[in-house]
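Following: one structure in structure tokens, then a few remarks.
The values are calculated or read from the model by the stated rules, or taken from the named source; none is laboratory data. All values reported here derive from a predicted model rather than from experimental measurement. Note that we place each Cβ from the backbone using ideal geometry, even for glycine, and neighbour counts take in every protein chain shown. Accessible surface areas use protein heavy atoms only, side chains included; no ligands, DNA or RNA. Shrake-Rupley method; radii C 1.70, N 1.55, O 1.52, S 1.80 Å.
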Amino acid sequence: MSLDVSPALLAQAERGEVDEAEFVDCVRHSLPYAWDMISSLVARLQVDGGEFADNTTPPPDEQARGQLLRALASDAIRGALQRHFGVRLAFQNCHRVAVFPLDASSDERLARFTSVRGQLLNQSPELRDC
């Protein structure tokens, strides 16, 4: 299971619509490594500015790597995080997470980052098993 869902949040989902803030809080508690990574990248983007902020350091262990994969592979989690932080998220390999501003100023850079070419250029032998 990728999220530690409280009985109250599960009951809310069973009744119908879920409060997104409560879902985001569930993600924050369930996937702390992914949350901290994305939070720090958002802060860096806000402080430093620029077209994007990204992480190039592999996770310290498989549990952390799994958190990133779960957070960014789930459309619901990824979408909620993007709305919460007000950014667009991009993902390469199993650790290179990037945050881009919502405005069109970074559209070209985002397109390069998420392109087939960008993916191929981000390959390295030490990441083959990630």
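Excluding Q82 itself, what net charge comes from residues whose Cβ is under 13 Å from its Cβ, given Lys and Arg +1 and Asp and Glu -1? Kindly include the intermediate steps, with their values, before the conclusion.
Details: positive: R78, R83, R88; negative: E20, D75.
Its environment carries a net charge of +1.
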Counting only protein heavy atoms and leaving out ligands, DNA and RNA, the solvent-accessible surface of V24 at a 1.4 Å probe, in Å² to the nearest 10, equals 10
At most 14 other Cβ within 10 Å, DSSP loop - GluC sites (Glu not before Pro), the stretch 2-80: E17
Dividing the convex hull volume of the alpha carbon atoms of the stretch 1-54 by its residue count, what do you get in Å³ per residue? 97
Peptide ranges 27-35, 71-79 listed from the most packed, as the mean C-beta count within 10 angstrom indicates: 27-35, 71-79
Rounded to the nearest 0.05, what FRET efficiency do H29 and A76 have when you use their Cβ-Cβ distance and R0 = 25 Å? 0.95
Could you check how much of the accessible area of the stretch 31-89 is carbon and sulfur, as a whole percent, using a 1.4 Å probe? 51
For L10 paired with T57, estimate the spin-label separation in nm (one decimal), with each label point 7 Å from Cα along the Cα-to-Cβ line. 3.6
Those residues of the stretch 68-97 whose amide nitrogen sits under 17 Å from the label point placed on Q46, 7 Å along Cα→Cβ: 81-89
If we count every other residue with Cβ under 12 angstrom of V5's Cβ, Lys/Arg +1 and Asp/Glu -1, where does the sum land? -4
Where does the charge balance sit around C26 when Lys and Arg score +1, Asp and Glu -1, over other residues with C-beta under 11 Å from its C-beta? -4
